[in-house]
1. Among the residues of the stretch 561-588, write down those that are under 16 Å from the mean Cα position of the chain (by Cα), more than 20 Å from THR599 (Cβ to Cβ) and of a type outside the set (Phe, Trp, Tyr).
2. Looking at GLY524, GLY587, which is the one that is in contact (Cβ under 8 Å) with a residue 40 or more places away in the chain, crowded, with 23+ Cβ neighbours inside 10 Å and in contact with a strand residue (DSSP E or B) (Cβ under 8 Å, 6 or more places away or on another chain)?
3. Whether any residue in the stretch 712-720 is more than 27 Å from the chain's Cα centre (by Cα) and among the aromatic types (Phe, Trp, Tyr) is what I want to check.
4. Taking the stretch 513-534 on its own, how many of its residues are part of a loop (DSSP other than H, G, I, E, B) and more than 18 Å from ARG486 (Cβ to Cβ)?
5. Run GLY434 past the list (1) farther than 30 Å from SER624 by Cα; (2) at pLDDT below 90; (3) surrounded by fewer than 19 Cβ atoms within 10 Å (Cβ to Cβ); (4) among the small types (Gly, Ala, Ser) and report the number of the one that doesn't hold.
6. If LYS166 meets every condition in (1) within 30 Å of the chain's Cα centre (by Cα); (2) surrounded by fewer than 20 Cβ atoms within 10 Å (Cβ to Cβ); (3) within 16 Å of TYR178 (Cα to Cα) apart from one, which number is that one?
7. Identify, please: which residue in the stretch 757-771 is touching a residue at least 60 places away in the same chain (Cβ under 8 Å) and closer than 18 Å to GLY863 by Cα and is, among those, surrounded by the most Cβ atoms within 10 Å (Cβ to Cβ)?
8. Kindly indicate whether any position in the stretch 768-780 is modelled with pLDDT of 90 or more, more than 30 Å from ILE679 (Cβ to Cβ), under 30 Å from the mean Cα position of the chain (by Cα) and among the acidic types (Asp, Glu).
Amino acid sequence: MPDRGSGGSGGPSGPRINIGRPSRRMRTLFLTLGVLAVLAILFVMFAGFWTDWLWYRSVKYTSVFTTTLWTKVGLFLVFGLLMAAAVGVNIWLAHRLRPPLSAMSLEQESLDRYRMNIAPYKKWILLGLSLLVGLISGASASGQWRTWLQWVNGQSFGQTDAQFHKDISFYVFDLPWYRFLLGFGFAAIVLSLIAAALVHYLYGGLRISSPGARATSAATGHLSVLLGLFVALKAVAYWLDRYGLAVKSSGLKSTDGWTGLKYVDANAYLPAKTILFVIAIICALLFFATLWRRTWQLPLIGLGLMALSAILIGGLYPAIVQKFQVQPNEQAKEAPFIKKNIDATRKAYGIDESKVKDYSGASDKDDQQLRDAVDSTASIRLLDPNIVSPTFQQQQQVRGYYQFPSTLDVDRYKDKTGKERDTVVGLRELNMNGIPEKGWINNHFRYTHGYGMVAGKGTEVTGTGGPVYREKDLPPEGDLGKYQPRIYYGEKTTQYSIVGGPQDEVDYSSDAGEQTYKYTGESGVSLSNGFNRAAYAVAFGEPQIMYSGAIGEGSKVLYNRTPKQRVEAVAPWLTIDGDPYPTIVDGRVKWIVDAYTTTNGYPYASRTTLGESTSDSLTDDQRSVVAQQNQVNYIRNSVKATVDAYNGTVNLYQWDEKDPVLKTWMKSFPGTVKDKSEIPQALKDHMRYPQDLFKVQRELLTQYHVTNPKQFYSGSEQWQIPEDPTTKDQSSVPPYYLSLKMPDQKAPSFALTTTFTPRERENLGAFMAVDADARSSDYGNIRILKLPSTSPVPGPKQVQSRFNSDTEVADKINILRRGDSEVEYGNLLTVPLEGGLLYIEPVYVRGAGTNYPLLRKVLVTYGEKTAFEDTLPEALDVAFGVKESTPAEEEEEGPKKPVKPNQSLEEALQDADKAFKAGQEALKKQDWDAYGRAQEDLEEALKEAAEAESKSG
């Protein structure tokens, strides 16, 4: 027989197995796993909050984090509790006012089982429903933190609107908050009404199909009060709608973004809203009166009359006024309102002081006088920042893990004589795609930063058409002075890096080999403790952060590394310009970032879409504006921000000291924005007028340069932004930075310029320039030269078309395209010159073997004269008749070297050897111009050697 004591047969003496219930050990295990799972979920949720706090602490902007956080929490709690209380109290009150069981009808008897099932849990159901609506409402209210902060801290504009004569701050700061409160009130009343009606129905206070009374007096009184409150809120909505007309967008002939009252608004909608307000108040009182009358007859009649009035007074009457009063004589009726819109729009966009001056477009000066005037009128920039990035890349990249932005920037630096020169600059940033061996350590520990600025003279090129560098090579050398060259924060630096720990970083490579470095800057969040490492492992989704040996004492993580990201994070109430630019200030590379305060609540000012108005042929994802709201009707360049490229320090400087929107945010976030007086002079030397603001202003000035309401209405004087003639797509021509002298100026100044053409035409309508030098007393002054319509002046597209159709020019272009070379047209610059307009366009050739553009020709057009020569001085001389044009045949032959008669094979080989050695020496020095010349000499020497060999054979 089997041994029952040792067997597994399950006999009486064997172990007992409880199949029905888990053992205590299993229950403990499940409970532990559940607790761990909950803790893990909570830690994941907490990790994002904790890493955000650490980051704001690292950049010393914790007040932004805490102010935003506590504002959101406060709004969540207050409005969540209000909504929960409103719904909960009405459910409780409806239950309290339920009729006795004896009053229940047969219809209600069928609901007995529902009441019986609910009865034991009614307190929990009440609590659950209240909490649910409270959570949803609180979450929605927390998103209104900007609206709350602006309302509670709003500053006066010191200006009133043209219709109601209220301070502009009422529309910008107060009205949005009142609208939110109104929307919240409507939501609370509607939810309470639905909940109360369901409870009354469930407990017999309301009957649907049973004969007799449909509602008890208690239910009637309760629901009537709620309906009365709803109608009272509707009365408030009608009153606020009156002011809303001043910021309402509507159409007007030839103006899509029109905002503000028109004739029908002021004379039909405005009185209609006032009448409907009174009717709604009376209707609300009738609902409240049911507490005594216990009947809905009068309130329902009043509600019907209010609805009918809304249709007749609020809809039909304005349509009649528009049809029979406005349309027959719209121009005269709308003229006063158009004037209000013009004045408000020009003020809101800062174009109210723009100066429009008639400009003939033709000169009475002789050719020599015009030629002499060019040098004193403008500093012609031949180096196109939109074209030469590949040249910088080829000649100054040095290593494959470096890169330059696709569009470089224009800045100003003093030369050796102390005179400021336009300079094209770019930073040698890190290129993750060029890392030799990719991996987590290489990507985030070894390759962490770029190195050095490269700068080229804007007005000069080498003999081969390349940039004349003012700053170049590794380590950097040039005339921009000594500075910290390491670029840890840049436009292309989007990945996180872990620095300062055991792992050395690749610094740069030189003749001495690869140099290493260890970050010593102040920025970054410490990873020295395990808790921070765990938090970042979760936040970045990278478990290796937890246990990697490359992280140790002193390790810090750098992230949010683009200038736009950092400024937007520390000032979430700003709109960020799409084109930050680097500059060297006091031995540091600093990014200058222009930032804007905006609103869409400025009364009577027409709205524009930032994304569309700032788009041109150069706009891409990197250069697009970072907008808090895309539709705006007020904008100010109120803040100039800087980001240190080495330690990531962010500084915000107040620029527009009169802007009430900025003052409001400075009161909301005290201490975050420094006074304008604290801007270092060396930094101000490089500040400039921002491009995106200029683009918005030029978009508005296509219409709002007209201040006469009749002309504005007719649209006869409208302009348009011309298409970029140097590209194939139909995008707008970008504005250009250029040092030039306007007709009323005595000397050239740094300016941002653009052109206009008349609507649906291609001749030049106007030329616009704004003083872009932040040190100038004229900074921000907009000057517009208006061209005559009777004697059309060629516009950019027509100039380009004339250039392309010129037979002599076409022959030269064909020569440049030999051997699969590509011709690229640079920026078509426009310069006012002695009453006329001078067009200059650099022409680049991208050789089939070089794959980077070099300047080969310069186009100059003045009036009917066109020149296409090797250099700008030659082209200007030909255009103004100082010398004759170079024939195309001579160009095809190219410059000739002196012929060496009877050159022997030995001499030719000696020349080739010298050229080869010169090329190798230039290669070591990274002197690409010398290297190119040496290669040309080598090719010529080898040809001569081949000819000598063939003759001797």
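1. Of the stretch 561-588, the ones under 16 Å from the mean Cα position of the chain (by Cα) are 562-581.
Add one more test, that the residue is more than 20 Å from THR599 (Cβ to Cβ), and what stays is 562-566, 569-570, 579-581.
Residues satisfying the conditions are THR562, PRO563, LYS564, GLN565, ARG566, ALA569, VAL570, ASP579, PRO580.
2. Answer to the check: GLY524.
3. Looking through the stretch 712-720, at least one residue is more than 27 Å from the chain's Cα centre (by Cα) and among the aromatic types (Phe, Trp, Tyr).
4. Looking only at that region, the number is 3.
5. Of the numbered conditions (1) farther than 30 Å from SER624 by Cα; (2) at pLDDT below 90; (3) surrounded by fewer than 19 Cβ atoms within 10 Å (Cβ to Cβ); (4) among the small types (Gly, Ala, Ser), the odd one out for GLY434 is (1).
6. Failed condition: (1).
7. Step by step, filter the stretch 757-771, then rank; the result is LEU764.
8. no
The values are calculated or read from the model by the stated rules, or taken from the named source; none is laboratory data. Everything quoted here is computed from the prediction, not taken from an experiment. FYI the Cβ positions are ideal-geometry reconstructions off the backbone, even for glycines, and counts take in every protein chain you see.
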